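Asks: There's a structure below that I have some questions on.
The values are calculated or read from the model by the stated rules, or taken from the named source; none is laboratory data. Computed from a predicted model, the values in this text were never measured in an experiment. Note: ideal-geometry Cβ built from the backbone for every residue, glycine included; neighbour counts use all protein chains shown.
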């Protein structure tokens, strides 16, 4: 995957003006495209091409290749949960009895409070990103999670501010 992301392709554009021939070498990387699409998944290819100084066709082909290789898996949105009435974002570390891990992951996937769920090698076996309308809801969820069979420890951390 690292090779795919760091690949830079060189395009030669030949322009003939009277008797003069100009060759311009244009380079852009897959990461530049990924960065633009992360900022705006609906960005038109023409706008990306202008920002990169290449043709729309070059961008279109590169994006198609990234999709085919599985680098770009889907196009999505970033929801502002606060505008939907959810004021509390928390990352919750969950420790689990190893023999219950697979079953618990399936159970947690079905919980609507959990926006994202990660398996981790750090302090906790699982990390859940959650949104709540209040700290009271968070407290109730932590209590519910703590009483779930196989859960040995629950460690919530409230997000104060998203900085990047």
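Asks: How about the stretch 114-139: which of its residues are within 21 Å of the chain's Cα centre (by Cα) and modelled with pLDDT under 95?
Replies: Passing the criteria: 120, 121, 122.
Asks: State which residue pairs qualify: first residue assigned by TED's automatic domain parsing to the domain that holds residue 128 and touching a residue at least 60 places away in the same chain (Cβ under 8 Å) and inside the stretch 78-90, second residue surrounded by 16 or more Cβ atoms within 10 Å (Cβ to Cβ) and part of a helix (DSSP H, G or I) in any location, beta carbons under 6 Å apart, and separation of 6 or more residues or different chains.
Replies: Qualifying pairs under 6 Å: 88/138; 90/138.
Asks: Kindly check whether there is at least one residue in the stretch 72-81 that is within 23 Å of residue 143 (Cβ to Cβ) and loosely packed, with under 15 Cβ neighbours inside 10 Å. If you could, list the steps in order and put the result at the bottom.
Replies: Residues of the stretch 72-81 within 23 Å of residue 143 (Cβ to Cβ): 81.
Then keep just the ones that are loosely packed, with under 15 Cβ neighbours inside 10 Å; that gives none.
Checking the stretch 72-81: not a single residue is within 23 Å of residue 143 (Cβ to Cβ) and loosely packed, with under 15 Cβ neighbours inside 10 Å.
Asks: Sticking with this structure for a sec: If you take the residues of the stretch 55-71 that are touching a residue at least 60 places away in the same chain (Cβ under 8 Å) and surrounded by 15 or more Cβ atoms within 10 Å (Cβ to Cβ), which of them is nearest to residue 154 (Cα to Cα)?
Replies: 71
Asks: Can you spot a residue in the stretch 138-147 that is outside the structural domain of residue 39 (by TED's automatic domain parsing), out of contact with any helix residue (DSSP H, G or I) (no Cβ under 8 Å at 6 or more places or on another chain) and under 27 Å from residue 35 (Cβ atoms)?
Replies: no
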